[in-house]
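Novice: I am attaching a structure below and will ask some questions about it afterwards.
The values are calculated or read from the model by the stated rules, or taken from the named source; none is laboratory data. Model, not experiment: these values are computed from the prediction. Neighbour counts are summed over all protein chains in view; Cβ atoms, including those assigned to glycine, are modelled from backbone coordinates with ideal geometry. The accessibility values were calculated without ligands, DNA or RNA, using every heavy atom of the protein model including side chains. Shrake-Rupley method; radii C 1.70, N 1.55, O 1.52, S 1.80 Å.
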Amino acid sequence: MKKSDPYSLDGLVLRFQETMGGHVGIDEPEPLAGSVRGQRENTPLRFDVEIRIEDLGRFLRVADHAAQLSGTVTFEPLGGRIPIRDGAFNLFTVDPGTGIRRMTYAFRFTAADGRLFFLHGHKEIHDDPGALDVVPDMTTLFTTLYRGPDERSPVYAAGVLTFDLKGTPALVASMKVEGTNSLLRKTAAYTAFASFAYGALRDEYLHGVRLLYDTRYENLALSGRMR
């Protein structure tokens, strides 16, 4: 009988919660202009979601780094707080057209009047020359709201949502590993996910400079004593 790998990430679930909010401008197709219009017309939008990676091992191996997204969106012009469905999240995927890494959030929801809407937002993880922009890139979501089921539908609104850095401790505290009772596997899961995220940011913004030791999760091994 083959002995199972105590550090395997296959089949483990990693989940965490995130909140983003900002302003969108109705009838405005461009996010930056929509943010200005939304602030002027007082049309804030926020979402409170849980991101759920069903198989962490596979998530880290495949190129699209896709996860499930669920929760609520709050937008008064369409009915206040509304459950979202068909949510998807992608972490550090590379846009084939531009070569820029992106984080994308997408989901559908049904407004109070029964109309279907689709929200798509992306963060551009890209080092601009002469600027230290990792924090704004990681916290700024360029958002478009479509009147219909997908991005081929007419644009209803656009704007910019942000993640408040004061919410970082809550996001970290919300991270949970499911699918094992092993402390070793849970620690391996947290370490591998952090290593993956740090590696992507290092390669983009530090261009290979290694300020901290990191490892590919496939070769992760833990040893020593825990107190």
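Novice: Give me the net charge of residue 37's neighbourhood, meaning all other residues with Cβ under 15 Å from the Cβ of residue 37; Lys, Arg count +1, Asp, Glu -1.
Specialist: For residues surrounding residue 37, the net value is -3.
Novice: Carbon and sulfur atoms: what percent of the 1.4 Å accessible area of the stretch 35-152 do they account for?
Specialist: About 50 percent, which is the carbon plus sulfur part of the accessible surface.
Novice: Going highest first, how would you order 111-117, 10-16, 33-39 by mean Cβ packing within 10 Å?
Specialist: Final packing ranking: 33-39, 10-16, 111-117.
Novice: What is the stretch 1-97's relative contact order, in percent, from Cα pairs under 8 angstrom and six or more apart in sequence? Numbers along the way, then the final one.
Specialist: Numbers: 175 pairs, mean separation 23.7, N = 97.
Averaging sequence separation for qualifying contacts and normalising by length gives 24 percent for the stretch 1-97.
Novice: Starting from the Cα gyration tensor of the stretch 165-207, take the square roots of the eigenvalues, sort them a ≥ b ≥ c, and report rounded, prolate or oblate (rounded when a/c is under 1.5, otherwise prolate if a/b is larger than b/c, else oblate).
Specialist: oblate
Novice: What is the stretch 149-188 by shape, rounded, prolate or oblate, if you read a ≥ b ≥ c off the alpha carbon gyration tensor as root eigenvalues and call it rounded for a/c under 1.5, prolate for a/b larger than b/c, and oblate otherwise?
Specialist: Oblate is the answer for the stretch 149-188, as a/c is 1.5 or above yet b/c matches or exceeds a/b.
Novice: Using the Cα centre of the stretch 1-149 as origin and beta-carbon charges of +1 (Lys, Arg) and -1 (Asp, Glu), tell me which of 135, 120, 32 is placed farthest towards the positive end of the dipole.
Specialist: 120
Novice: Moving to a separate point now. Using DSSP to define loop residues, name the trypsin sites (Lys or Arg not before Pro) in the stretch 130-191 whose beta-carbon has at most 10 other beta-carbon atoms within 10 Å.
Specialist: Within the stretch 130-191, the qualifying trypsin sites (Lys or Arg not before Pro) (loop, at most 10 other Cβ atoms within 10 Å) are 152.
Novice: Please calculate how many Å² of accessible area the stretch 92-173 carries per residue, with a 1.4 Å probe and no DNA, RNA or ligand atoms counted.
Specialist: Roughly 49 Å² per residue, with all protein chains present.
Novice: So if I restrict to the alpha-carbon atoms in the stretch 1-96, what is the Rg, and what is Dmax, the biggest pairwise distance, in Å?
Specialist: Taking only Cα atoms of the stretch 1-96, I get Rg and Dmax of 18.3, 67 Å.
Novice: Running Debye on the stretch 42-167 with equal point scatterers at the Cα sites and no solvent, what base-10 log of I(q)/I(0) appears at q = 0.16, 0.19, 0.22, 0.23 Å⁻¹?
Specialist: -0.85, -1.15, -1.40, -1.46
Novice: Tally Lys/Arg at +1 and Asp/Glu at -1 over every other residue whose Cβ is under 9 Å from the Cβ of residue 26; what's the total?
Specialist: Around residue 26, the surrounding residues sum to -2.
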